[in-house]
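Read through the structure below, which is laid out as structure tokens, and then see the notes.
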Amino acid sequence: MLVRIGSRGSRLAITQAEQAAALLHRPGIEIAFVPITTAGDRDRTSPFGQIGERGVFVKEIEEALLAGRIDVAVHSAKDMTSEDTDGLSVGAYLERDDPRDALVGASELRPGMRIGTASVRRRAQLLAADPTISVEPMRGNVETRLRKMRERSLDAIVLAACGLDRLGLADEIGLRLEPELMLPEAAQGALALQVRVGEEDLVAHADHPETRRRVESERACVAVIGAGCLAPVAAFHDGTTLHALVADEDGAWIERRSGDDPLALGQELAAIAVAR
């Protein structure tokens with residue numbers, strides 16, 4: 001049986017697809033990789049809001065899955081929309097890697113630093129922590145952002161720690177930012193194996209139940225808030241408690257809440273965002 005795995009074509013995406021393939025490969029199963037270019041890959045300079053809403057790194061891959069050109073889509077779960085696409089299902093979440101954000105280029109946050117990131121979630125929390133920090137927009141894959149940091153003489157950039165770990169670049173990390181300082185994106189650190197509805201058995205054996213429990217709680221909370229790619233929101237389940245926030249893009253205000261019910265938590269934060 002041939003199983004066609006679709007993913008983005010970056011080195012990180014290919015590494016993640018290979019990680020998934022290692023779990024899916026069994027006697028009688030042949031794996032083929034299908035690289036797919038997404039809108040977010042084609043335009044590496046425009047802010048996400050000018051490309052589209054959340055999902056700019058998954059839409060074309062999902063279309064290939066629905067059209068039958070691939071059998072399994074491998075996504076960084078944080079790139080997915082908060083609600084499942086009609087006709088598709090997350091058949092497995094692989095065991096979660098480090099969900100934290102990482103400061104690269106410096107070992108601490110200092111007043112007046114110039115820090116690169118394209119994420120409004122990171123921007124909001126950095127400015128809330130220290131309004132003297134200058135946050136400069138930066139897009140591109142991991143290697144490109146490392147290069148741009150040095151070319152532009154930035155003090156640091158913020159990346160997902162898991163991506164650096166998967167690429168063997170953990171030595172680039174100066175500081176792993178704890179959730180108390182930088183609450184992660186919902187589902188950050190997890191890989192999602194997406195399949196067509198009814199074909200979940202193809203990947204079900206690779207599912208990590210505890211990762212699923214935490215990630216689906218985070219995604220549900222963000223779905224209630226109604227967050228798109230540009231909304232400064234975050235959600236992270238530490239295994240005991242769900243933590244979430246909504247913030248002003250410039251860090252002028254930030255509201256954090258914790259609880260057990262993702263729907264109630266999301267509704268509370270949505271109401272705060274509207275009132276603001």
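The values are calculated or read from the model by the stated rules, or taken from the named source; none is laboratory data. Every value quoted in this text rests on a predicted model; they were computed, and no experiment measured them. Note that we place each Cβ from the backbone using ideal geometry, even for glycine, and neighbour counts take in every protein chain shown. To get the accessible areas, we keep the full protein, side chains included, count just its heavy atoms, and leave off ligands, DNA and RNA. Shrake-Rupley method; radii C 1.70, N 1.55, O 1.52, S 1.80 Å.
Residue 89 versus residue 253, label points 7 Å from Cα toward the beta carbon: distance in nm?
Taking the two extended label points, one gets 4.2 nm.
Roughly speaking, what % of Cα-Cα pairs in the range 1-151 are separated by over 24 Å, rounded to a whole number?
Here the long-distance tail beyond 24 Å is 42 percent of all Cα pairs in the range 1-151.
Between the alpha-carbon centers of the range 95-117 and the range 191-205, tell me the distance in whole angstrom.
So the two Cα centres are separated by 33 Å.
Direction-averaged shadow area of the convex hull around the Cα atoms of the range 123-190, nm²?
With the hull built on Cα positions only, its mean projection is 5.0 nm².
Choose one of 217, 55, 236: the residue whose Cα lies farthest towards the positive end of the charge dipole of the chain (beta-carbon charges +1 Lys, Arg; -1 Asp, Glu; about the Cα centre).
Value: 55.
What does the net charge come to around residue 113 if you take all other residues with beta carbon closer than 12 Å to its beta carbon, with K and R at +1 and D and E at -1?
Net charge in that neighbourhood comes out at -2.
For the chain, which whole percent of the accessible surface, found with a 1.4 angstrom probe, sits on carbon and sulfur atoms?
Of the solvent-accessible surface of the chain, carbon and sulfur hold 50 percent.
Quick one: accessible area per residue over the chain, 1.4 Å probe, rounded to a whole number of Å²?
Using a 1.4 Å probe on heavy atoms only, each residue of the chain averages 43 Å².
Tilt of helix 142-151 relative to the longest C-alpha principal axis of the chain, in degrees (0 to 90, nearest 10)?
Here the helix axis deviates by roughly 30 degrees.
Any chance you could give the angle, 0 to 90 degrees and rounded to 10, that helix 120-129 forms with the longest Cα principal axis of the chain?
Tilt of helix 120-129: around 30 degrees.
Express as a percent, rounded to the nearest 5, the fraction of DSSP beta bridges in the chain (both residues included) that run antiparallel.
70
If I model a spin label at residue 199 and residue 132 as a point 7 Å from the Cα along the Cα→Cβ vector, what separation in nanometres do I get?
5.6
Going by average Cβ neighbours within 10 Å, how do the peptides 9-20, 66-77 rank, with the highest at the top?
Sorting 9-20, 66-77 by mean packing, highest first, produces 66-77, 9-20.
Between [x] 19.1; [y] 18.5; [z] 20.1, which entry matches Kirkwood radius over Cα pairs in Å as derived from the coordinates of this structure?
Read-out taken from this structure: [x].
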